[in-house]
Amino acid sequence: MLNEMIRRDRNKASVIFWSVSNETPRTADRTTFLTNLVYEARKLDATRPITSALIGPRSAGTTVIEDDPLTEALDVIGQNEYVGWYEGKPEDADTKVWTFPNKPVIMTEFGAEAKFGNHGAPNQRWAEEQQVNVYQHQFTMLEKIPQLCGVTPWILMDFRSPTRNIPKLQDGYNRKGLFSEKMEKKLAVDVLRKAYQERLGARPK
């Protein structure tokens with residue numbers, strides 16, 4: 001599959017990394033297998049960095065330590081995390097201090113679910129206001145990671161997911177999108193726009 005993907009997509013300008021996995025459990029066999037995939041990817045295309053989206057760093061209070069042994073093989077560390085959604089409250093992100101190996105880091109997934117048109121308090125689950133609250137605190141946390149080179153909020157648009165079936169909230173969709181499945185703009189879009197503009201030196205419009 002890796003060979004097929006790289007052969008198919010290596011000439012696409014939109015591909016900036018090759019990733020060998022997403023949220024795999026930490027076992028010796030897994031680390032060996034994925035390390036071999038990293039070497040294979042480098043042989044097939046030496047022009048792009050190799051990454052993997054990791055999950056489950058070791059936490060000790062407000063300190064978060066990413067010590068997955070797979071990081072040794074990677075050029076860029078991908079980190080998935082959902083502080084404020086699957087873990088704790090949105091404001092917990094403010095005090096988190098991340099420790100990574102000395103390599104570039106991309107926050108490959110972060111965010112929260114919200115049903116378009118569902119409004120409520122900043123800590124009300126599934127409300128657009130809570131999704132906004134999560135992202136605001138996330139950016140406070142992310143700014144303190146010195147090796148952070150990029151972010152990919154999860155995700156642009158709600159998408160079908162047959163295991164997500166909370167009535168009237170999910171109905172077979174993952175609701176982490178900044179837009180609904182009909183491309184209706186949620187409140188969090190403006191938070192992301194402002195965050196990007198400020199960090200790129202442009203004034204928000």
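No value in this document is a laboratory result; all are computed from the given coordinates. These figures come from a predicted structure and were not determined experimentally. Heads up, the Cβs are rebuilt from the backbone with ideal geometry, glycines too, and the neighbour counts pull from every protein chain shown.
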Nearest 10 degrees, 0 to 90: what angle lies between the long axis of helix 128-142 and the longest principal axis of the chain (Cα atoms)?
40
Gap separating the Cα centres of segment 1-47 and segment 167-182, nearest whole Å
30
Principal axis extents for segment 106-188, Cα atoms only, whole Å, descending order, please.
41, 26, 21
Mind listing which trypsin sites (Lys or Arg not before Pro) in segment 17-56 are in a DSSP loop and have 16 or fewer other Cβ atoms within 10 Å?
Arg26
Please give the net charge around Val83, taking every other residue with its beta carbon less than 10 angstrom from that of Val83, where Lys and Arg add +1 and Asp and Glu add -1.
-3
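Need the full-extension length gain, Leu156 to Asp45, defined as separation in residues times 0.36 nm minus the C-alpha distance. One decimal, nm.
Details: separation 111, 0.36 × 111 = 39.96 nm, distance 2.81 nm.
Going from the current span to full extension adds 37.1 nm.
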Name the aspartates and glutamates eligible as straight-distance cross-link partners of Lys176: C-alpha to C-alpha under 19 Å, and not fewer than 8 places from it in the same chain.
Glu23, Glu81, Glu87, Glu91, Glu109, Glu113, Glu128, Glu129, Asp158, Glu184, Asp190
Placing each pseudo-label 7 Å from Cα in the direction of the beta carbon, Tyr196 and Asn102 end up separated by a distance in nanometres of 3.3
Considering only DSSP beta bridges where both residues belong to segment 2-156, give the percentage that are antiparallel (nearest 5).
15
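With contacts defined as alpha carbon pairs under 8 Å and 6 or more residues apart, what's the relative contact order of the chain in percent?
Working: 366 pairs, mean separation 29.0, N = 205.
Relative contact order comes out at 14 percent.
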What is the dipole size for the chain, taken about its Cα centre, with +1 at each Lys and Arg Cβ and -1 at each Asp and Glu Cβ, in debye to the nearest 20?
620
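How do Asp67, Asp158, Asp94 line up, fewest other C-beta atoms within 10 Å first?
Numbers: Asp67 11, Asp158 25, Asp94 15.
The order, fewest Cβ neighbours first, is Asp67, Asp94, Asp158.
Mean residue ellipticity at 222 nm from the helices of the chain, using -39,500 (n - 2.57) per DSSP H segment of n ≥ 4 over the full residue count, to the nearest 500 deg cm²/dmol? Present the calculation step by step, with values, prior to reporting the outcome.
Numbers: 4 runs with 52 residues, N = 205.
So the calculated ellipticity at 222 nm is -8000 deg cm²/dmol.
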Semi-axes in Å, largest first, for the chain (Cα gyration tensor, √(5λ)) are 30, 20, 18
